[in-house]
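Novice: What follows is a structure written as structure tokens; I'll ask about it next.
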Amino acid sequence: MENSPNKKEDFNSEFVHYTVMLNEAVDALIPDGKKSDKIFVDATLGGGGHSALIASRLEGDGRLISFDVDSDAIKAASKKLESYENVTIVNDSYSNIRENLQKLGIEKITGGIIFDLGASYHQLTKAERGFSFAKDAPLDMRFNQEQDFSAWDIVNKYSADELVEIFSKYGEERFSKRIARAIVENRPLNTTSQLSELIVKSTPKIKSKIHPATRVFQALRIEVNKELLNFENTLNEVVTLLDYGAIISVISFHSLEDRLAKTAFKRFSMECRCGINEAKCDCGGKLINIITKKPILASDDEVKANPPSRSAKLRIAQRV
């Protein structure tokens, strides 16, 4: 979700979204040229690109449940999907997938689920959302604009040690201690520009293709929205919601997300996941077959049309 695809989808003047690896991700669930009467979930609706393609391939009792917490995304995607009667949009986090499916009378995801992780193009480029250091804005970064907790709270309330931990863990930032110390000494910081300028001043000048604030802003966004925690917990739960033969398709945009998906797939594909001291196997055995031994990358044409898509990785597995 975070980066873009070969086709720009402009749903309205307020919301611009790009769908990365649109066909590759959806073809894994419903092959091109085929129709399905099963139940599918789009865990990260965004601008509705993946959802629209899935919906176009449904027939009969086929159904799609799409989740998002961002009101801007829901507004735009609802318009895009309004012609499909078999689509239900849920204004909630995919971390609450089990409860929401139960409310809809759905026990199993019979067709498959897709995750398109990270921030959307719209979120990253809409100045007032505060995701980008390229535009001056309040320190926000919330996917769900109804929640109170924002990047401002982290920057101005976390201790230096807590800042170091999230910058190191979620941003893999080598100068975490310097940046954390500078933040604590210069509070309050209220805008993206103030934070970005402070990061530049507090770190040594080195040759790099990325801006010095990139990793810190990524770490803040992940912490604000509990992205990795939600994804990991949901992956562990959603496998049990998949019916036999159902597909799970995950698009990630940085190494932390991809590592979680890779590790979870590997664990679920083991013949036994019990501890070595267990007297007998009670884990239920192998849960998935890994379809993609190596992640699928965006095509050369897509990367050429949309350079940020070069960081996207698609992993696919099937419930057994």
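The values are calculated or read from the model by the stated rules, or taken from the named source; none is laboratory data. A quick note: this is a predicted structure, and the numbers were derived from the prediction, not measured. Cβ atoms come from the backbone with ideal geometry, glycine included; neighbour counts cover every protein chain shown. Surface accessibility is based on the protein's heavy atoms, side chains included, excluding ligands, DNA and RNA. Shrake-Rupley method; radii C 1.70, N 1.55, O 1.52, S 1.80 Å.
Novice: Quick one: residue 28 ticks every box in (1) of a type in the set (A, V, I, L, M, F, W, C); (2) part of a strand (DSSP E or B); (3) open to solvent by 20 Å² or more (accessible area, probe 1.4 Å) bar one, so which box is it?
Specialist: (2)
Novice: I'd like the full set of residues that are open to solvent by less than 80 Å² (accessible area, probe 1.4 Å) and either aliphatic (A, V, I, L, M) or not in a helix (DSSP H, G or I) (or both), limited to region 144-159. Working first, answer last.
Specialist: Of region 144-159, the ones open to solvent by less than 80 Å² (accessible area, probe 1.4 Å) are 144-145, 147, 149-151, 153-156, 158-159.
Residues satisfying the conditions are 144, 145, 147, 149, 150, 151, 154, 155, 158, 159.
Novice: Only one of 83, 71, 4 is of a type in the set (Ser, Thr, Tyr) and at pLDDT 95 or above; which? Steps first, answer last, please.
Specialist: Details: 71 fails: at pLDDT 95 or above; 4 fails: at pLDDT 95 or above.
Going through 83, 71, 4 in turn, the sole match is 83.
Novice: Any idea which of (1) open to solvent by less than 50 Å² (accessible area, probe 1.4 Å); (2) touching a residue at least 24 places away in the same chain (Cβ under 8 Å); (3) in contact with a Leu (Cβ under 9 Å, 6 or more places away or on another chain) is the one residue 224 doesn't satisfy?
Specialist: Against the list (1) open to solvent by less than 50 Å² (accessible area, probe 1.4 Å); (2) touching a residue at least 24 places away in the same chain (Cβ under 8 Å); (3) in contact with a Leu (Cβ under 9 Å, 6 or more places away or on another chain), residue 224 comes up short only on (3).
Novice: Do we find that residue 24 is more than 25 Å from residue 296 (Cα to Cα) and at pLDDT 95 or above in this structure? Break it down stepwise before answering.
Specialist: Details: more than 25 Å from residue 296 (Cα to Cα): no; at pLDDT 95 or above: yes.
Here the answer is no, as residue 24 does not meet what is asked.
Novice: Moving on. Any idea which of (1) at positive phi; (2) touching a strand residue (DSSP E or B) at 6+ places or on another chain (Cβ under 6 Å) is the one residue 242 doesn't satisfy?
Specialist: (1)
Novice: Something else about it: Among the residues of region 129-143, are any closer than 25 Å to residue 247 by Cα, open to solvent by less than 60 Å² (accessible area, probe 1.4 Å), of a type outside the set (A, V, I, L, M, F, W, C) and outside any loop (DSSP other than H, G, I, E, B)? If you could, list the steps in order and put the result at the bottom.
Specialist: Our first condition is that a residue be closer than 25 Å to residue 247 by Cα; within region 129-143, this holds for none.
Looking through region 129-143, none of the residues is closer than 25 Å to residue 247 by Cα, open to solvent by less than 60 Å² (accessible area, probe 1.4 Å), of a type outside the set (A, V, I, L, M, F, W, C) and outside any loop (DSSP other than H, G, I, E, B).
Novice: Further, regarding this structure: Of all the residues that make up region 201-214, how many are open to solvent by 50 Å² or more (accessible area, probe 1.4 Å) and either small (Gly, Ala, Ser) or touching a Ser or Thr at 6+ places or on another chain (Cβ under 9 Å) (or both)?
Specialist: 3
Novice: Could we say that residue 320 is open to solvent by 50 Å² or more (accessible area, probe 1.4 Å), touching a Phe, Trp or Tyr at 6+ places or on another chain (Cβ under 7 Å) and in contact (Cβ under 8 Å) with a residue 12 or more places away in the chain here? Even if it seems obvious, please write down each step before you answer.
Specialist: Numbers: open to solvent by 50 Å² or more (accessible area, probe 1.4 Å): yes; touching a Phe, Trp or Tyr at 6+ places or on another chain (Cβ under 7 Å): yes; in contact (Cβ under 8 Å) with a residue 12 or more places away in the chain: yes.
Judged against the criteria, residue 320 is a match.
Novice: Within region 39-51, which residues are in contact with an Asp or Glu (Cβ under 9 Å, 6 or more places away or on another chain) and either open to solvent by less than 10 Å² (accessible area, probe 1.4 Å) or over 16 Å from residue 94 (Cβ atoms) (or both)? Don't jump to the end; show me each part of the working.
Specialist: Filtering region 39-51 down to residues in contact with an Asp or Glu (Cβ under 9 Å, 6 or more places away or on another chain) leaves 39, 42-51.
If the condition is that a residue be in contact with an Asp or Glu (Cβ under 9 Å, 6 or more places away or on another chain) and either open to solvent by less than 10 Å² (accessible area, probe 1.4 Å) or over 16 Å from residue 94 (Cβ atoms) (or both), then 42, 43, 45, 46, 47, 48, 49, 50, 51 are the ones that fit.
Novice: Across region 73-89, what is the total count of residues that are without any contact (Cβ under 8 Å) to a residue 60 or more places away in the chain, open to solvent by 20 Å² or more (accessible area, probe 1.4 Å) and closer than 22 Å to residue 142 by Cβ?
Specialist: So the count comes out to 3.
Novice: For the structure I just gave you, tell me whether residue 95 is of a type outside the set (Val, Ile, Thr) and out of contact with any Leu (no Cβ under 9 Å at 6 or more places or on another chain).
Specialist: Details: of a type outside the set (Val, Ile, Thr): yes; out of contact with any Leu (no Cβ under 9 Å at 6 or more places or on another chain): no.
Considered against the rule, which asks whether it is of a type outside the set (Val, Ile, Thr) and out of contact with any Leu (no Cβ under 9 Å at 6 or more places or on another chain), residue 95 comes out as no.
Novice: If you check every pair at least six apart or on different chains, which have Cβ atoms under 9 Å apart with a residue in region 279-290 that is touching a residue at least 24 places away in the same chain (Cβ under 8 Å) first and a residue that is among the hydrophobic types (A, V, I, L, M, F, W, C) and open to solvent by 80 Å² or more (accessible area, probe 1.4 Å) second?
Specialist: If the second residue must be among the hydrophobic types (A, V, I, L, M, F, W, C) and open to solvent by 80 Å² or more (accessible area, probe 1.4 Å), the pairs left are 286/270; 287/270.
Novice: Name the residue, out of 146, 197, 172, 185, that is of a type in the set (D, E, K, R) and under 14 Å from residue 219 (Cα atoms). Talk me through it step by step, then tell me what you get.
Specialist: Numbers: 146 fails: under 14 Å from residue 219 (Cα atoms); 197 fails: under 14 Å from residue 219 (Cα atoms); 185 fails: under 14 Å from residue 219 (Cα atoms).
Exactly one residue qualifies, and that residue is 172.
Novice: OK, next. What number goes with the only condition from (1) surrounded by 15 or more Cβ atoms within 10 Å (Cβ to Cβ); (2) under 30 Å from residue 261 (Cβ atoms) that residue 198 does not pass?
Specialist: Going through (1) surrounded by 15 or more Cβ atoms within 10 Å (Cβ to Cβ); (2) under 30 Å from residue 261 (Cβ atoms) one by one, residue 198 breaks only (2).
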